[in-house]
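The values are calculated or read from the model by the stated rules, or taken from the named source; none is laboratory data. Treat the numbers as computed from the prediction; the structure is a model and nothing was measured. Note that each Cβ is placed from the backbone with ideal geometry, even for glycine, and that neighbours are counted across all protein chains shown.
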Amino acid sequence: MTSKNITPSPTTYNTLINGLCKHRKESNALRLFRNLQRMNFPMELVAYNTMIDGLCKSGKLNDARKILKELGETSLVPDIITYTTVMKCCFRYGKVEQGLEIFSSMIDNGHTSDVFPYCTVISMLLKKGRIKEASTCAASMIKSGIQLDKACYNTLIYLHCKEGNLDSAFQLLSAMEQRGLESDEYTFSILVDGLCKIGSIDAAEKLLHLMEMRGLDSNLVAYNCLIDGLCKFGEVDMAIKLLNSMKWKDSFAYTSLVHGLCKVRRFQMASRFLLNGLKGGTNVLTSAQRAVISGLRRFGFKRDARKLRSAIHVARLLQ
C-alpha cells in the first residue's frame with residue numbers, strides 16, 4: 001500500500017496488530033506499535049487495547065502496564081476493557097497488589113457501572129482470605145447501583161458464607177430468584193458448604209434434597225461438603241450412608257470419611273473404606289493413609305496395620 005502512496009488507515013494497523021497477537025507474534029506486534037508511535041501516527045484506543053491484551057496473554061505484564069501508562073498520557077481515555085485486561089493479568093501472575101491498584105485507578109476514572117471487574121476483585125480477595133476487603137468491595141459495588149448477574153450473586157453468597165452470615169446469604173438467594181435469575185448447582189453447593197461449616201447439618205441435608213427436587217444435579221461438591229461436615233461433627237454413620245448412596249466418589253469424599261472415622265477411633269472401618277477407595281482407582285490422600293496405619297498401631301492392631309500397608313502397596317501397583 002505504501003509503495004503506491006496509499007496511506008494505511010488506523011483500522012488497517014489495528015487489524016495487523018490484532019492478527020500478529022492472535023498468531024502469538026506479540027514481539028512483532030509491539031515493534032509495529034512502537035514504529036507507529038515514532039511516526040506520530042494517529043493511534044486509536046482499540047490499538048492500545050489489542051496490544052495490551054496480546055501482551056497480557058503472553059505473560060508480558062510489565063510491557064502491558066507500560067503501555068497502559070503511556071495511554072494515560074495521550075488524549076485517549078482508557079476504558080473498562082483496558083483496565084480489566086491488565087487487572088486480570090496481574091491477578092493471573094500473582095501480582096495482587098498491582099491488580100488492586102489498576103482496579104482503584106479504574107474506579108477513580110469513573111468506570112463503576114460494570115459488574116465483572118468488581119466480582120473479579122472480590123473473588124481474588126476471597127481466594128487470598130482477605131474477607132474484610134472483599135466485603136468492603138462488595139458494599140461499594142452494591143452502593144453504586146450495579147445490576148448483578150448470577151455469577152456475581154454466587155460470589156456474594158460465597159462471601160457471606162465465608163463470613164458465617166448465612167442469613168444474608170439466603171436473603172441474596174431470595175433476591176436473585178425474585179429477579180428471575182435461576183440458582184444453579186454452584187449456588188446450592190456454596191450454601192450447603194456454608195451450613196456445614198456452622199454445624200447446621202440438618203439444614204444442609206434439606207437443602208441438598210431441595211436441590212434434587214428442583215431437578216438440579218446434586219453435584220459432587222455438594223455431597224463432599226456434606227460428608228465433610230458430617231464427619232467434623234461426629235456423624236460418621238450418616239456420612240457412610242451418604243457416601244454409599246453416591247454414584248460418583250472422589251478423593252475428597254473418601255479422604256474426609258477416612259479422617260472422620262479415625263477421629264472417632266474406628267480405624268478398622270477406616271481401613272476398609274481406604275482400601276475400597278484405592279481399589280476403585282481413587283487417590284486417597286497420603287495423610288489419611290498414615291492416620292489409619294498410625295491409629296491401628298497405637299491401639300494394638302499392629303498386624304492389621306502391616307496388612308493394610310501391604311494392601312495399599314498392591315493397590316497402588318494396580319492403579
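Hey, could you check segment 18-41 for residues that are of a type in the set (D, E, K, R) and under 17 Å from Asp63 (Cβ atoms) and say which is nearest to the chain's Cα centre (by Cα)? Within segment 18-41, the match that is nearest to the chain's Cα centre (by Cα) is Arg24.
Given the structure, is Leu242 part of a helix (DSSP H, G or I), within 30 Å of Leu308 (Cβ to Cβ) and modelled with pLDDT of 95 or more? Judged against the criteria, Leu242 is not a match. Residues considered: Ala270, Ala315, Ala311. Of these, the only one that is modelled with pLDDT of 95 or more and among the hydrophobic types (A, V, I, L, M, F, W, C) is Ala270.
Residues of segment 288-297 include at least one that is closer than 18 Å to Gly229 by Cα and either part of a helix (DSSP H, G or I) or not polar (S, T, N, Q) (or both).
Taking every residue in segment 19-42 that is assigned to a loop (DSSP other than H, G, I, E, B) and pairing it with any residue that is modelled with pLDDT of 90 or more and surrounded by 15 or more Cβ atoms within 10 Å (Cβ to Cβ), at least 6 positions away or on another chain, the pairs with Cβ-Cβ distances below 9 Å are Arg24/Gly54; Arg24/Lys57; Arg24/Ser58; Lys25/Gly54. Scanning segment 67-80 for residues that are surrounded by fewer than 18 Cβ atoms within 10 Å (Cβ to Cβ) and either in a helix (DSSP H, G or I) or touching a Lys or Arg at 6+ places or on another chain (Cβ under 7 Å) (or both) gives Lys69, Glu70, Gly72, Ile80.
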